[in-house]
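The values are calculated or read from the model by the stated rules, or taken from the named source; none is laboratory data. Predicted model, so just to flag it, every value in this text is computed and none were measured. Note that each Cβ is placed from the backbone with ideal geometry, even for glycine, and that neighbours are counted across all protein chains shown.
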Amino acid sequence: MGDKLAQLTATKFKSYTSLKVINTSFEEWDGEGSPFKLAVSGTAFHFIDPQFGYRRVWELLEDSGAIGFFWTIHVPMYDEIHNEIRSYCKEFAPHLDDSTLQTPEETINERKAITEGTGNFTRIEVKEYSQILSYTSSDYIFLLNTNSKHRQLSEPDRNNLLNRIKNSIDRSGGYIFKDHRVALFLGKKMK
């Protein structure tokens, strides 16, 4: 949501005449255009209460409709550079210490159980996609600045944390490698 983001999206996709940008929350949206064949969400559906969200999607889909929800799954790495970054997180933002988080498998199983548990969708399939990505120190800081948990830090703490991370990456050769995993949850509308 946000006027600037809605305008940016509308401008970027203006050549797609059937695309309509609606600047509202999913909870407040009136469902204009339904029923739909497919509902897609990218690393966002967990912000919506599952009992409301999955039911609402079910209501907006045609009888043969389907979901395709995907999430980026954090994969902790324990090499020297990641352990150094982890120590900064413990100092400035303990909630960002990824050694205390669920494993990727636990996160995926939990999300699948939530999806199945609503009773709105059947034949839930999970497809996983992984690759190791390489980031320069600047690109990695840019990436971290898109994460809401980093954005919620006070500006001084965020700046200290990100500067230390950038300096560590630069000292270790200027690049960091990250195991990037995406889990795609597919399902059919329960009739």
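Hey, among K4, K37, which residue is of a type in the set (K, R) and not in a strand (DSSP E or B)? Working first, answer last.
Working: K37 fails: not in a strand (DSSP E or B).
Unique residue meeting the criteria: K4.
Name the single residue that is nearest to A66 (Cα to Cα) among those in region 32-55 being among the hydroxyl-bearing types (S, T, Y) and in contact with a helix residue (DSSP H, G or I) (Cβ under 8 Å, 6 or more places away or on another chain).
Narrowing region 32-55 to residues among the hydroxyl-bearing types (S, T, Y): 34, 41, 43, 54.
If we keep only those that are in contact with a helix residue (DSSP H, G or I) (Cβ under 8 Å, 6 or more places away or on another chain) as well, we get 34, 54.
Details: S34: 13, Y54: 11 Å.
The selected residue is Y54.
Please verify whether region 118-132 includes one or more residues that are farther than 30 Å from F69 by Cβ and modelled with pLDDT of 95 or more.
Looking only at region 118-132, we keep the residues that are farther than 30 Å from F69 by Cβ, and these are none.
There is no residue in region 118-132 that is farther than 30 Å from F69 by Cβ and modelled with pLDDT of 95 or more.
Answer with yes or no whether D139 is within 27 Å of P94 (Cα to Cα), of a type in the set (D, E, K, R) and at pLDDT 95 or above.
Numbers: within 27 Å of P94 (Cα to Cα): yes; of a type in the set (D, E, K, R): yes; at pLDDT 95 or above: yes.
Spelling it out, D139 is indeed within 27 Å of P94 (Cα to Cα), of a type in the set (D, E, K, R) and at pLDDT 95 or above.
Select from region 41-97 the residues that are polar (S, T, N, Q) and within 24 Å of A113 (Cβ to Cβ) and write down the one among them that is modelled with the lowest pLDDT.
Quick first cut of region 41-97, residues polar (S, T, N, Q) only: 41, 43, 51, 64, 72, 83, 87.
Cutting the leftovers down to within 24 Å of A113 (Cβ to Cβ) gives us 41, 43, 51, 72.
Values: S41: 95, T43: 87, Q51: 92, T72: 93.
By that ranking, first place goes to T43.
Does T118 count as within 30 Å of N159 (Cβ to Cβ) and under 21 Å from the mean Cα position of the chain (by Cα)? Please lay out each step first, then the result.
Details: within 30 Å of N159 (Cβ to Cβ): no; under 21 Å from the mean Cα position of the chain (by Cα): yes.
Taking the combined requirement at face value, the residue does not satisfy it.
For region 147-156, name all the residues that are under 20 Å from H74 (Cβ atoms) and loosely packed, with under 15 Cβ neighbours inside 10 Å. Quick ask: steps written out before the conclusion?
Taking region 147-156 first, the residues under 20 Å from H74 (Cβ atoms) are 147-153.
Selection gives N147, S148, K149, R151, Q152.
Could you tell me which residue of region 119-146 is surrounded by the most Cβ atoms within 10 Å (Cβ to Cβ), considering only residues that are touching a residue at least 12 places away in the same chain (Cβ under 8 Å) and of a type in the set (D, E)?
For region 119-146, the residue satisfying everything is E128.
Any residue in region 169-180 that is polar (S, T, N, Q), at negative phi and within 21 Å of the chain's Cα centre (by Cα)?
We begin by selecting, within region 169-180, every residue polar (S, T, N, Q); these are 172.
From what is left, the residues that are at negative phi are 172.
Of the ones still in play, those that are also within 21 Å of the chain's Cα centre (by Cα) are none.
No - not one qualifying residue is present in region 169-180.
Quick check, is E116 under 20 Å from L186 (Cβ atoms), surrounded by 13 or more Cβ atoms within 10 Å (Cβ to Cβ) and either among the acidic types (D, E) or free of Cβ contacts under 8 Å to residues at least 40 places away in the same chain (or both)? Don't jump to the end; show me each part of the working.
Working: under 20 Å from L186 (Cβ atoms): yes; surrounded by 13 or more Cβ atoms within 10 Å (Cβ to Cβ): yes; either among the acidic types (D, E) or free of Cβ contacts under 8 Å to residues at least 40 places away in the same chain (or both): yes.
Judged against the criteria, E116 is a match.
Restricting to region 51-67, count the residues that are surrounded by 15 or more Cβ atoms within 10 Å (Cβ to Cβ), out of contact with any Ser or Thr (no Cβ under 6 Å at 6 or more places or on another chain) and touching a residue at least 60 places away in the same chain (Cβ under 8 Å). Write out each step before concluding.
Step one: filter region 51-67 for residues surrounded by 15 or more Cβ atoms within 10 Å (Cβ to Cβ), giving 53-54, 56-58, 60-61, 65-67.
Among the residues that remain, those that are also out of contact with any Ser or Thr (no Cβ under 6 Å at 6 or more places or on another chain) are: 53, 56-58, 61, 65-67.
Restricting the remaining residues to those that are touching a residue at least 60 places away in the same chain (Cβ under 8 Å) gives 57-58, 61, 65-67.
So the answer is 6.
If you scan region 12-21, which residues turn out to be assigned to a loop (DSSP other than H, G, I, E, B) and within 24 Å of T72 (Cβ to Cβ)? Give the steps one after another, and end with the answer.
First pass over region 12-21, keeping only residues assigned to a loop (DSSP other than H, G, I, E, B): 13-21.
If the condition is that a residue be assigned to a loop (DSSP other than H, G, I, E, B) and within 24 Å of T72 (Cβ to Cβ), then F13, L19, V21 are the ones that fit.
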